[in-house]
Amino acid sequence: MKPEHHCDCLILGGGPAGLTAAIYAARAKLSAVILESNITGGLVNSTYIVENFPSYPSIHGMELMRRMRAHVDGLGVPVEEVCAVERLDLAGKVKTAETDEAVYRAPAVILATGRKPVALETPTECDQVHHCAICDGAPYAGKRVLVAGGGNSAFDESLYLLSLGVAHVTLIEVMPRFFAAAAAQEALFASGKAQGHTETRLVDLEVTGGRLTAALLENTATGETWREPVDGVFAFLGQIPNNALFAEQIELTKAGYIPAAVDMATSLPGVFAAGDIVDKPFRQITTAVADGTVAALSAERFLRGR
Ligand SMILES: Cc1cc2nc3c(=O)[nH]c(=O)nc-3n(C[C@H](O)[C@H](O)[C@H](O)COP(=O)(O)OP(=O)(O)OC[C@H]3O[C@@H](n4cnc5c(N)ncnc54)[C@H](O)[C@@H]3O)c2cc1C
């Protein structure tokens, strides 16, 4: 039998939304537990510099999240990291989350599971395909990389890779134009160490002795193919919502986001949503912490009114 824990409010996800919800829950004297499938910090952990979080004109993403986590720890909210939620039951008055090690029950739940990068599908498996420059970029100093994607992330992360000493970036976008801000495009191409190809897709990877040696590329307009020597591939193809745990239980939009009311209530009583998982126009740290605030205060109001 797994040990059972009871609390007022279960928080799924320990990114900016979940950590802020925990701060507000604790200060409202609710007992709360954060269940985090990885480590706390969420997407911000893989953001090099954050320059739009009020009170820090410029701060490393990991440092910002270390501070948010310390705030939560200071308020005594238990955080279960690297914990796999195997089952989640949101129906009924008491909700249940069963992890690999324990069972958690609470009358209120805040879903703050955020998003994850769209994975680059490659016909040939290879360990040198990455989705996070801050996590995996350092070993590519002096080497050549392929970056897939033509939005802001692809350009910003390419600039970051160059700042790590990467020798050359080949950036490919399948659409006829790049979508990143003009300033980022100018900065990257002005470096003299980057080349961009639109209407271009990755066809395959050439792996020799377990090491990536080249990417096979195709111009989709002309059908021309060529071999681009690279040591690593970084894909920045956008994000998809982390909804697998509750997709069958709760109303979602076609794109897989949770439609939430102004008080962050979802289609199920006692279940609230916060952060990037919510259907909304702007996904930023500040909007995630705002959602976390509202979700926790709404959970407290819900629990008081039962
Ligand atoms: C490349 C990039 C750069 C960015 N730069 C900025 C920036 O400079 N400034 C800014 O304001 N915003 C930036 N953003 C956006 C910002 O990172 C997000 O808006 C913010 O992280 C959303 O917070 P969140 O808590 O909703 O989700 P997340 O940060 O995604 O956190 C969700 C957490 O939930 C966990 N989780 C997922 N599934 C489960 C599960 N089943 N059970 C338990 N836990 C789970 C995840 O591991 C994760 O820790 C950037 C995003 C990207 C992708």
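Return the residue satisfying two criteria in turn: it lies in region 235-270 and is in a loop (DSSP other than H, G, I, E, B) and within 19 Å of Ile172 (Cβ to Cβ), and of such residues it is modelled with the lowest pLDDT.
For region 235-270, the residue satisfying everything is Gly238.
Do we have any residue at all in region 34-42 that's of a type outside the set (Val, Ile, Thr), touching a strand residue (DSSP E or B) at 6+ places or on another chain (Cβ under 8 Å), exposed (fewer than 14 other Cβ atoms within 10 Å of the Cβ) and not in a helix (DSSP H, G or I)?
Checked against the condition, which is being of a type outside the set (Val, Ile, Thr), touching a strand residue (DSSP E or B) at 6+ places or on another chain (Cβ under 8 Å), exposed (fewer than 14 other Cβ atoms within 10 Å of the Cβ) and not in a helix (DSSP H, G or I), region 34-42 yields no hits at all.
Looking at Glu86, Glu51, Glu121, Glu80, can you tell me which residue is open to solvent by 20 Å² or more (accessible area, probe 1.4 Å), acidic (Asp, Glu), modelled with pLDDT under 95 and within 11 Å of the ligand (Cβ to nearest atom)?
Selected residue: Glu51, the only one of Glu86, Glu51, Glu121, Glu80 that is open to solvent by 20 Å² or more (accessible area, probe 1.4 Å), acidic (Asp, Glu), modelled with pLDDT under 95 and within 11 Å of the ligand (Cβ to nearest atom).
Do any residues in region 36-48 that are closer than 14 Å to Ala17 by Cα have Cβ atoms under 6 Å from those of residues that are near the ligand (Cβ under 6 Å from one of its atoms) and open to solvent by less than 20 Å² (accessible area, probe 1.4 Å), where the two are at least six apart or on different chains, and which pairs are they?
If the second residue must be near the ligand (Cβ under 6 Å from one of its atoms) and open to solvent by less than 20 Å² (accessible area, probe 1.4 Å), the pairs left are Glu36/Gly14; Thr40/Gly14; Gly42/Gly15; Gly42/Gly114.
Could you check region 253-264 and list, in sequence order, the residues that are within 13 Å of the ligand (Cβ to nearest atom) and free of Cβ contacts under 8 Å to residues at least 24 places away in the same chain?
Gly256, Tyr257, listed by residue number.
Residue by residue, here is whether (1) open to solvent by 60 Å² or more (accessible area, probe 1.4 Å); (2) closer than 12 Å to Thr170 by Cβ; (3) assigned to a strand (DSSP E or B) holds:
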{"residue": "Gly192", "(1), (2), (3)": "yes, no, no"}
{"residue": "Asp204", "(1), (2), (3)": "no, no, yes"}
{"residue": "Leu217", "(1), (2), (3)": "no, yes, yes"}
{"residue": "Thr222", "(1), (2), (3)": "yes, no, no"}
{"residue": "Val233", "(1), (2), (3)": "no, yes, yes"}
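Listed residues Ala17, Ala25; which is part of a helix (DSSP H, G or I) and either more than 7 Å from the ligand (Cβ to nearest atom) or more than 16 Å from the chain's Cα centre (by Cα) (or both)?
After ruling out the rest, the residue left standing is Ala25.
Is it the case that some residue within region 171-180 is within 13 Å of the ligand (Cβ to nearest atom), over 29 Å from Leu245 (Cβ atoms), without any contact (Cβ under 8 Å) to a residue 40 or more places away in the chain and not in a strand (DSSP E or B)?
Within region 171-180 (the criterion being within 13 Å of the ligand (Cβ to nearest atom), over 29 Å from Leu245 (Cβ atoms), without any contact (Cβ under 8 Å) to a residue 40 or more places away in the chain and not in a strand (DSSP E or B)), the answer is yes, since at least one residue qualifies.
Pull up region 265-280, narrow it to residues that are within 12 Å of the ligand (Cβ to nearest atom) and free of Cβ contacts under 8 Å to residues at least 24 places away in the same chain, then point me to the one that is farthest from Leu297 (Cα to Cα).
Per the criteria, the residue is Lys280.
So which strands (runs of 3 or more DSSP E) stay within region 105-170 end to end and still have 1 or more residues that are farther than 26 Å from Leu19 by Cα, among the hydrophobic types (A, V, I, L, M, F, W, C) and out of contact with any helix residue (DSSP H, G or I) (no Cβ under 9 Å at 6 or more places or on another chain)?
144-148
Quick check on Ile250: is it away from the ligand (no atom under 11 Å from the Cβ), touching a Ser or Thr at 6+ places or on another chain (Cβ under 7 Å), among the hydrophobic types (A, V, I, L, M, F, W, C) and touching a residue at least 60 places away in the same chain (Cβ under 8 Å)?
Considered against the rule, which asks whether it is away from the ligand (no atom under 11 Å from the Cβ), touching a Ser or Thr at 6+ places or on another chain (Cβ under 7 Å), among the hydrophobic types (A, V, I, L, M, F, W, C) and touching a residue at least 60 places away in the same chain (Cβ under 8 Å), Ile250 comes out as yes.
The values are calculated or read from the model by the stated rules, or taken from the named source; none is laboratory data. Remember, it's a predicted structure, so these values are computed and weren't measured experimentally. Here the Cβ is made from the backbone with ideal geometry for all residues, glycine too, and neighbour counts use every protein chain on show. Areas reflect the complete protein model, heavy atoms only, side chains present, ligands, DNA and RNA absent. Shrake-Rupley method; radii C 1.70, N 1.55, O 1.52, S 1.80 Å.
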